[in-house]
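J.: Just passing along the structure, written as structure tokens.
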Number of protein chains: 4
Amino acid sequence: MVNSMGGRRRACEIGITIGSLEAGRLNAITDVEGVGVGHSTIIRGEGPLKIGEGPVRTGVTAIVPHQGNPYDEKVVAAVDVFNAYGKSVGLLQIAHMGTIETPILLTDTLNTWIVADCLVSYMYEIYGVNAPSINPVVGETNGSFLNDSIGRHVRRNHVFEALDMARSPEGMGVVPEGNVGGGTPMSAFGFKGGIGTASRKTDYFTLGILVQLNCGRMEDLRVDGVPVGKELIGTHTQGSDARGSVIIIMATDLELTSRQLWKVLRRTFLGIARLGHYGNVGSGDYAIGFTTSRRSLQEAFRIPRVEKGRFLREEGYLDLVFRAAVEATEEAALNALFMAETMVGRDFNKREGIPIDRVLEILKKYGRL
Amino acid sequence: MVNSMGGRRRACEIGITIGSLEAGRLNAITDVEGVGVGHSTIIRGEGPLKIGEGPVRTGVTAIVPHQGNPYDEKVVAAVDVFNAYGKSVGLLQIAHMGTIETPILLTDTLNTWIVADCLVSYMYEIYGVNAPSINPVVGETNGSFLNDSIGRHVRRNHVFEALDMARSPEGMGVVPEGNVGGGTPMSAFGFKGGIGTASRKTDYFTLGILVQLNCGRMEDLRVDGVPVGKELIGTHTQGSDARGSVIIIMATDLELTSRQLWKVLRRTFLGIARLGHYGNVGSGDYAIGFTTSRRSLQEAFRIPRVEKGRFLREEGYLDLVFRAAVEATEEAALNALFMAETMVGRDFNKREGIPIDRVLEILKKYGRL
Amino acid sequence: MVNSMGGRRRACEIGITIGSLEAGRLNAITDVEGVGVGHSTIIRGEGPLKIGEGPVRTGVTAIVPHQGNPYDEKVVAAVDVFNAYGKSVGLLQIAHMGTIETPILLTDTLNTWIVADCLVSYMYEIYGVNAPSINPVVGETNGSFLNDSIGRHVRRNHVFEALDMARSPEGMGVVPEGNVGGGTPMSAFGFKGGIGTASRKTDYFTLGILVQLNCGRMEDLRVDGVPVGKELIGTHTQGSDARGSVIIIMATDLELTSRQLWKVLRRTFLGIARLGHYGNVGSGDYAIGFTTSRRSLQEAFRIPRVEKGRFLREEGYLDLVFRAAVEATEEAALNALFMAETMVGRDFNKREGIPIDRVLEILKKYGRL
Amino acid sequence: MVNSMGGRRRACEIGITIGSLEAGRLNAITDVEGVGVGHSTIIRGEGPLKIGEGPVRTGVTAIVPHQGNPYDEKVVAAVDVFNAYGKSVGLLQIAHMGTIETPILLTDTLNTWIVADCLVSYMYEIYGVNAPSINPVVGETNGSFLNDSIGRHVRRNHVFEALDMARSPEGMGVVPEGNVGGGTPMSAFGFKGGIGTASRKTDYFTLGILVQLNCGRMEDLRVDGVPVGKELIGTHTQGSDARGSVIIIMATDLELTSRQLWKVLRRTFLGIARLGHYGNVGSGDYAIGFTTSRRSLQEAFRIPRVEKGRFLREEGYLDLVFRAAVEATEEAALNALFMAETMVGRDFNKREGIPIDRVLEILKKYGRL
């Protein structure tokens, strides 16, 4: 799937093949039927930081599990928390109830609660919910290296714009990556990070991943196992000590229980580990997953009717789902890195896009491509 | 400790003795030195519900762990989640990092995120924090039976007012209970609920509890083991099927690790169970605890210096802390019930204060008092 | 259901009614169709403790989820851990896989691993399993006040005997309680404890509980809310400082997911709390539950077919299951206490059966019966 | 550190450098002062499987946290569970109590409970414990491809032998790796697996890892990022579909709380992920860690005295501990693979040692070495 912008190219476009399973048509979370993604990107101002004025480099990314009303048609969901130095909201209710009842929004750390409140407004005003209890779900990573974070610049119109887009035909298509939406100010492995997505499609199910990538140190970066970071570190500077987090959103059409979804989510962080990340103290690494339940296990795997009291052994199908989740997460994270362009933010802080040509040279040097 | 208002009386004032340990001077969470509590109560309008206009029955309660800057002087903390149909924010970071870095605020469900955002503003503007990451902690229960919840009427000035009060000499004294602050619109056991507090003081430590009580069905209510609810149910109506939640805040001056605090918190819900509550599906029952660490274990229990590699057996002291936590929680919940006056809210919905005279009669009938 | 032995009587036989739901025919875990219980009780020797010789006061209790092969027909299961100073084996696999594949055995602490190994032998030799991996499930509490625990006297024949009985018509009937099987040497609330069971039956489902009760201090004991322990403590001695644990086994015929079973299990300990127990440091309090899945939610609650993507709100049925679980646990624990006779064990240590006539007098004094 | 046997060589001996931190003197878990390791290896018989007779390929590995009595001098400990299709015993008590009170033993799945019972005997008979409650800790992976697992051939003398060795000067030195102790029959990535160890030593602390490696598929294997498995899969056969597990034991001399140890343990599995493993359904992946607490944080990091109520930010030191844990785990797993020789077991099942010369060729082809 071709999705390049401004000279940036996705991992698959430059010849990198992650794992052994095939990607879906768009190689994006939107390959899971019904899932939509929308971004609202806010880039405004330059120069020295004036808290409350800017420069602003932030935004919101919205993911809808289906095109209906998510409160009325809740989807089975789960969360896994790798490290919780993070402010994401709504996760405990997902874990206990096993469902998600709103779209998922991603943003910059200090906008989290404004965004949650605006999502609640959207549920009442646009979706027409009238229940007195709603559990908004918002994930965040910290973009304060480039953004006037403390100024909290996301407003109701940005949240509504991202949600409207996710609920449109456009939102169900190609997903913009890199410096967009919640990913706008993010950094990863000493380079510019942001939003990335990928998918895996088997005979049995489709699984898609979207990440907001904001973690890793340059020296640790591996691209498909090649120590790219060590090669680049001499010639590029990190700008600052890169700490940070990753939020992983997973969608599948395979009907799984919340316990099973949780087990799949636990594997997604292994995809991040394959890029060389260690999971630092100051990171808020959360995975949130849901199923649209369009394919029952029995239909998908053509299993003869399971008798009461007889169990389908999970080995028969979950191992393949695990593999898809790890591969798609690794590739989505690479896409976040490869699609993000150089950005200058507050106080002239600069984060370079990873130099794709240099990466290609290094991959060749190490016998790839 | 006398704290009665408007004919309402605390459990200890009407002769009920819960458990075997002694209460602190105020029988309140503020018996833990340095802890402050503030309320902002919003009561406005009458009659039919007009979303966004009212009637308003809501507010904010603030608890500060000490009178210093909680971000700079973080306290060791923990959380326990009994049932997570709830929106409380900031809990996962407490669980993983083992500290709390802001005051704790309590409010009505749909104000949660506005309140969190205003707490962040307070941290920057009043406490003067300048870090780009803050983890606000907000607990909530659902007051929509009496309040225009969807209207979300809490504003910045209410949050600041509650916090200012918690940081004043007044905030470190007697704690107003019942229909105040976050507890304003709450219901419990078919009667009016709200804020309640109690404490236990031993030779070794002080432990205080504050609850925002919004759970339980009338028929299940037990007061010190006496089936008060069954006796009252014929003569009182519940107003509506009472579902709901409880938030439990615990403070102690005993130096405990976050693992130990977590174990103490797990017991607090047993205090609620002793009132007859079963923990329903639609409840968000969370306990958040911290220690001001003013008394080390060795000082408190006069233990000779522990050698390296030698462990203090927890049985030696934690069992007593468990007991204090259960007793104080049971009594704090009773205080919430006994101190809350009858309230009429939106759409003329009415929740009666539990009839204290009738409770006394029933207790006598069952051989108490 | 009449089940009294040697002057002992069950809670329902002496007029105590716990909660508001009806019991099943036997008021036992065996009211859940297919569930069987077997005991092997070992009582041998008197006088001073000689480790390895006796006196022996121990045994094994077996619970089978159905009368088929539990490895081939695994049942959906869950666990909840209240406090894990305990050695129970097999629990983590249940939590992650959501199934149980062997009978559940209960015994005295230090026999745990011998019993687990013998259960594995039974799976291979009697059930004819040939897989190279089996997850035996064994719960334990500590009977060392009366038993030569360190001597570890349970043998293969005892394990096989308990299992054979659980798989017989006898095992599916009335469940012996008190000083039997794994409960033989146990203590509770300063009196003799042991095995107890109870059930609740609604139009929608049957739920049964079996406990091995070994926890609580006399002064804390409440019987249906009445402070029986405080009244008895002057006239009875505890024999020793009673610490300890409780293992709770729950069975239901209602088809629930493992997440839902887990939520029900979390409530069971509230039933123990209602007896006045605080959950001490040195306790291993575990609940293990399974469903025989004989009644689907839709059948049981006569719900019209649930459309894909539409969820059954759990409030519609789980609250009733929670209530059944709490009531049955409280009553099962009382039965353990009321059915256990006075026992003298190693070193002439003596634990009295709770004096039922005195309990009745106290209940009358407090306006009950 | 040279430790090669029978033509096998450790990762560091063939020029592979994992990560950026230095290894300790022995590059083994025994670099943590006081930690001892002992093995008892049982290899007996050839040919067709006769359950109960053989062929036997099993054993026990013992790790002692220090050379004193581990029950009297408990060490602070933690566990992390990645996937719990596994039978390991003793983990829940570690998680709740935050301590470990026995040595840790590793063995083949079905010997788990016999080994636990023999460990209890050792505690009473050799360590002289007389408490009636002991929490033995035993980890396991499944060696049934080569071993008569159902026959359960480990006996008391094997357990005692491994423990005696771990408590000797020899046990505190070079750690035998590969086909030894609990690792004897294990497989990994389609080749022979078993026991491996490695360490990292910084100015501030020493951290050691020991793994019992029994997981992974050949096609997924990566050695320092190089896709060695894909290159080998044409020329080598897996023998059977390789499923399985890994047990990770971690020791450090840095004084950490159990919460902090748990956070370090969560990272260890990332080291396994870097070898290409996805974490399959049928795996029991557990990490158990402890600290000997020989270096306090303040001493180690030369931090001026921390004032009461002031916290040491974990970023200041834990990130380095995380890195050490990931690197040491990745290298320990490689050592298990590289040190394990070809073994023929029951039914002539054969598992080849990974061909080191071929691995070297592949590493060169991909620009390494």
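J.: How many residues are out of contact with any Pro (no Cβ under 7 Å at 6 or more places or on another chain), touching a residue at least 60 places away in the same chain (Cβ under 8 Å) and not charged (D, E, K, R) when one looks only at segment A:158-168? Can you show your working first?
T.: Restricting attention to segment A:158-168, the residues satisfying the condition of being out of contact with any Pro (no Cβ under 7 Å at 6 or more places or on another chain) are A:158-162, A:164-165, A:167-168.
Now restrict to residues that are touching a residue at least 60 places away in the same chain (Cβ under 8 Å): A:158-159, A:161-162, A:164-165, A:167-168.
Checking the rest, the ones that are also not charged (D, E, K, R) come to A:158-159, A:162, A:165, A:168.
Number of matching residues: 5.
J.: Any idea which of A:V115, A:V138 is assigned to a strand (DSSP E or B) and within 9 Å of chain B (Cβ to nearest Cβ)?
T.: Numbers: A:V115 fails: assigned to a strand (DSSP E or B).
A:V138 is the lone residue from the list that is assigned to a strand (DSSP E or B) and within 9 Å of chain B (Cβ to nearest Cβ).
J.: Would you mind finding the one in A:V154, A:V159, A:V60, A:V89 that is under 30 Å from D:N83 (Cβ atoms), of a type outside the set (K, R) and crowded, with 24+ Cβ neighbours inside 10 Å?
T.: Working: A:V154 fails: under 30 Å from D:N83 (Cβ atoms); A:V159 fails: under 30 Å from D:N83 (Cβ atoms); A:V60 fails: under 30 Å from D:N83 (Cβ atoms).
From the options A:V154, A:V159, A:V60, A:V89, the qualifying one is A:V89.
J.: I've got another one for you. Just need a number here: residues in segment D:6-25 that are under 22 Å from D:E170 (Cα atoms) and in contact with a strand residue (DSSP E or B) (Cβ under 7 Å, 6 or more places away or on another chain).
T.: The qualifying residues number 3.
J.: Restricting attention to segment A:81-97, does a residue exist that is closer than 30 Å to C:K263 by Cβ, more than 11 Å from every other protein chain (Cβ to nearest Cβ) and in a loop (DSSP other than H, G, I, E, B)?
T.: No, the conditions are met nowhere in segment A:81-97.
J.: Taking the stated definitions as given, is B:G244 surrounded by fewer than 24 Cβ atoms within 10 Å (Cβ to Cβ), within 14 Å of chain C (Cβ to nearest Cβ) and on the phi > 0 side of the Ramachandran plot?
T.: On the way: surrounded by fewer than 24 Cβ atoms within 10 Å (Cβ to Cβ): no; within 14 Å of chain C (Cβ to nearest Cβ): yes; on the phi > 0 side of the Ramachandran plot: yes.
When the stated conditions are applied, B:G244 does not pass them.
So that you can scan it fast, the table gives a plain yes or no per residue for (1) under 22 Å from A:N135 (Cβ atoms); (2) within 14 Å of chain C (Cβ to nearest Cβ); (3) part of a helix (DSSP H, G or I):
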residue	(1), (2), (3)
B:V129	no, no, no
B:I150	yes, no, no
B:H153	yes, no, no
B:N157	no, no, yes
B:D164	no, no, yes
B:S168	no, no, no
B:G182	yes, no, yes
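J.: Related question: What number of residues within segment B:41-80 are within 30 Å of C:R267 (Cα to Cα) and within 10 Å of another protein chain (Cβ to nearest Cβ)?
T.: 3
J.: Residue by residue through segment B:185-205, note down the ones that are of a type in the set (S, T, Y) and surrounded by fewer than 24 Cβ atoms within 10 Å (Cβ to Cβ). Walk me through how you get there before you give the answer.
T.: Within segment B:185-205, the subset of a type in the set (S, T, Y) is B:187, B:197, B:199, B:202, B:204.
Residues satisfying the conditions are B:T202, B:Y204.
J.: From the residues in segment A:213-239 that are away from chain D (no Cβ under 14 Å) and outside any strand (DSSP E or B), which one is modelled with the highest pLDDT? Can you show your working first?
T.: At the first step, the residues of segment A:213-239 found to be away from chain D (no Cβ under 14 Å) are A:213-214, A:232, A:234-239.
Now restrict to residues that are outside any strand (DSSP E or B): A:232, A:234-239.
On the way: A:L232: 94, A:G234: 79, A:T235: 78, A:H236: 74, A:T237: 68, A:Q238: 61, A:G239: 56.
Only one residue fits best here, namely A:L232.
J.: Looking only at residues in segment A:98-112 that are without any contact (Cβ under 8 Å) to a residue 40 or more places away in the chain and more than 30 Å from B:N130 (Cα to Cα), which one is farthest from the other protein chains (Cβ to nearest Cβ)? Step through it out loud before you land on a result.
T.: Applying the first criterion (without any contact (Cβ under 8 Å) to a residue 40 or more places away in the chain) to segment A:98-112 yields A:101-102, A:112.
The next check asks that each one be more than 30 Å from B:N130 (Cα to Cα); those that pass are A:101-102.
Numbers: A:E101: 9, A:T102: 11 Å.
Step by step, filter segment A:98-112, then rank; the result is A:T102.
Quick grid of which residues meet (1) modelled with pLDDT of 95 or more; (2) within 18 Å of C:P185 (Cβ to Cβ); (3) touching a helix residue (DSSP H, G or I) at 6+ places or on another chain (Cβ under 7 Å); (4) facing chain B (nearest Cβ under 9 Å):
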site	(1), (2), (3), (4)
C:R302	no, no, no, no
C:D319	no, no, no, yes
C:E341	yes, yes, no, no
C:K350	yes, yes, no, no
C:V359	yes, no, yes, no
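J.: Picking from A:K364, A:K350, which residue would you name as being surrounded by fewer than 18 Cβ atoms within 10 Å (Cβ to Cβ) and touching a strand residue (DSSP E or B) at 6+ places or on another chain (Cβ under 9 Å)?
T.: On the way: A:K364 fails: touching a strand residue (DSSP E or B) at 6+ places or on another chain (Cβ under 9 Å).
One residue alone meets the criteria, A:K350.
J.: Sort out which residues of segment B:89-131 are small (G, A, S) and closer than 13 Å to A:L110 by Cβ, and write them in order of number.
T.: To start, the set of residues in segment B:89-131 that are small (G, A, S) comprises B:90, B:95, B:98, B:116, B:121, B:128, B:131.
Once the filter is applied, which keeps residues that are small (G, A, S) and closer than 13 Å to A:L110 by Cβ, segment B:89-131 yields B:A116, B:S121, B:A131.
J.: Here's another thing I want to ask about it. When only residues in segment B:255-300 that are more than 14 Å from chain C (Cβ to nearest Cβ) and aliphatic (A, V, I, L, M) count, which is farthest from the chain's Cα centre (by Cα)?
T.: Start the filter on segment B:255-300 by keeping residues that are more than 14 Å from chain C (Cβ to nearest Cβ), which leaves B:255, B:258, B:288-296, B:298-300.
So of that shortlist, the ones also aliphatic (A, V, I, L, M) come out as B:288, B:300.
Working: B:I288: 9, B:A300: 26 Å.
That would be B:A300.
J.: C:M123 is checked against (1) under 21 Å from the mean Cα position of the chain (by Cα); (2) more than 9 Å from every other protein chain (Cβ to nearest Cβ) and fails just one. What number does that condition carry?
T.: Every condition holds for C:M123 apart from (1).
J.: Residues that are in contact with a Phe, Trp or Tyr (Cβ under 6 Å, 6 or more places away or on another chain) and at pLDDT 95 or above: does segment A:288-299 have at least one?
T.: Among the residues of segment A:288-299, not one is in contact with a Phe, Trp or Tyr (Cβ under 6 Å, 6 or more places away or on another chain) and at pLDDT 95 or above, which makes the answer no.
J.: Within segment D:184-199, which residues are over 17 Å from D:G279 (Cβ atoms) and part of a strand (DSSP E or B)?
T.: Hits for segment D:184-199 are D:F191, D:K192, D:G194, D:I195, D:G196, D:T197, D:A198, D:S199.
The values are calculated or read from the model by the stated rules, or taken from the named source; none is laboratory data. Computed from a predicted structure; not experimentally measured. For neighbour counting, all protein chains shown are included, and Cβ atoms are generated from backbone atoms with ideal geometry for every residue, glycine included.
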